[in-house]
Amino acid sequence: MSQTLLTVALPIALAWMMFCVGMTLRVADFARVSQYPLKVIAALLAQLLGLPLLAYAVITVLGLPEPVAVGLWLLALAPGGASSNAITHLSGGDSALSITMTAISSLIIPFSMPMLVTWLMPELVLAIPLKTAILQLAAVTIVPVLLGIALHHFAERKPWFASLTTVAGKSALWVLFFTVAITLVANTKVFHLMASMATVAAIVLCVAGMLMGALVARTLGEGSKVVKTFAIEVGIQNAGTAIFAAVVLLGRPEFAVTPLLYGVLMNIPAFALIYWHRKMQANGVCHR
């Protein structure tokens, strides 16, 4: 049952969320992002290099045992996917920038992850199929977003489109709750490990990564939307990719414990950001 939820229901839920995000976007939004390559490069450097350095510091300072340390390291090498895009959208971030980062990083990690994983443990040999990464990116992110953008373009002036957008926006939040529920149901076997060093490491990496992303954006002089986007894209990692690498590619399920816990715990700061954004909206506060 839990395997079916993870392999069937979760991808469908994520694809629907990305379709909802796409309905709020135009092609011009991506054109705007492309005009500021430094912003994209800075975000990717923080995500692909800054977070692994941060993870290495956490591993060293906390003196984590090998299974926890390797699991945290795999997490740091697995940038966020559709979940981070949806969280960025629901938090009032820059969705186009978030999706752009996901698309680029998803094509980089099949090369960067195998190379960097040996930094922590030289004996580990990891190979991520590029074809798998591309198919996953297309099915869960790119195609749903393009369909949403196309609907926005061709139906924006239709009387029913505004109502559909409103319904889709509300459903995206409920679908995000659904994905969290799926994660909880599928990971009940790790609940007894909540009071462990793996939990501490997962929370520290998530929160510290978000703070680092926000700091990088502030250093570039960016506004609230981009700050939130950087924070989420750097701090929210793809636990599914890390688990896949640990269990399937490395054949070491003990390395998957930290990513499993992270998949549950990362939702705490994520929902805090969403709640804060909704509260600001209710109070009539707008952020650029």
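Rule-based calculations on the coordinates, nothing more; no lab input. All values derive from a computational prediction rather than experimental measurement. Heads up, the Cβs are rebuilt from the backbone with ideal geometry, glycines too, and the neighbour counts pull from every protein chain shown.
The angle between the Cα long axis of helix 66-76 and the main principal axis of the chain comes to about 20°, on a 0 to 90 degree scale. For the chain, the 222 nm mean residue ellipticity estimated from helices alone, with every DSSP H stretch of n ≥ 4 adding -39500 (n - 2.57) and the total spread over all residues, rounds to -22500 deg cm²/dmol.
The angle between the Cα long axis of helix 197-219 and the longest principal axis of the Cα atoms of the chain comes to about 50 degrees, rounded to the nearest 10. Neighbour counting of Cβ atoms within 10 Å sorts the residues CYS20, CYS206, fewest neighbours leading, into CYS206, CYS20.
Ranked by how many other Cβ atoms sit within 10 Å of their own Cβ, fewest first, the residues ILE268, ILE232, ILE104 fall in the order ILE268, ILE104, ILE232. Computed over segment 2-278, relative contact order equals 34 percent, with contacts defined as Cα pairs under 8 Å that lie 6+ residues apart.
First check a/c for segment 32-130, with a ≥ b ≥ c the square roots of the eigenvalues of its C-alpha gyration tensor; if it is under 1.5, answer rounded, and if not, answer prolate when a/b is larger than b/c or oblate otherwise. Prolate is the answer for segment 32-130, as a/c is 1.5 or above and a/b outweighs b/c. Once the Cβ-Cβ distance of PHE154 and VAL207 is raised to the sixth power relative to R0 = 35 Å, the FRET efficiency obtained is 0.25. With 25 Å as the limit, the listed pairs LYS158/LYS225; LYS225/LYS279; LYS228/LYS279 have LYS158/LYS225 beyond it between alpha carbons.
Give the calculated FRET efficiency between ARG26 and LEU49 to the nearest 0.05, with a Förster radius of 35 Å applied to their Cβ-Cβ distance. Efficiency at R0 = 35 Å is approximately 0.65.
Between the helical axis of 95-120 and the dominant principal axis of the chain, each derived from Cα atoms, what acute angle in degrees is found, rounded to the nearest 10? Helix 95-120 and the main axis of the chain meet at about 10 degrees. Each label point was placed 7 Å from the Cα along the Cα-to-Cβ direction; for LYS279 and LEU164 their separation is 3.5 nm. Taking a ≥ b ≥ c as the square roots of the eigenvalues of the Cα gyration tensor, the chain is prolate, since a/c reaches 1.5 or more and a/b is larger than b/c.
With 0.36 nm allotted per residue and the present C-alpha distance subtracted, the GLU123-LEU38 stretch has 27.0 nm of extension available.
Ranking of THR179, THR199, THR229 by neighbouring Cβ atoms within 10 Å, starting from the fewest: THR199, THR179, THR229.
Label segment 16-73 by shape, choosing from rounded, prolate and oblate, from the square roots a ≥ b ≥ c of the eigenvalues of the Cα gyration tensor; if a/c is under 1.5 it is rounded, and otherwise prolate applies when a/b is larger than b/c, oblate when it is not. Oblate, because a/c is 1.5 or more while a/b does not exceed b/c.
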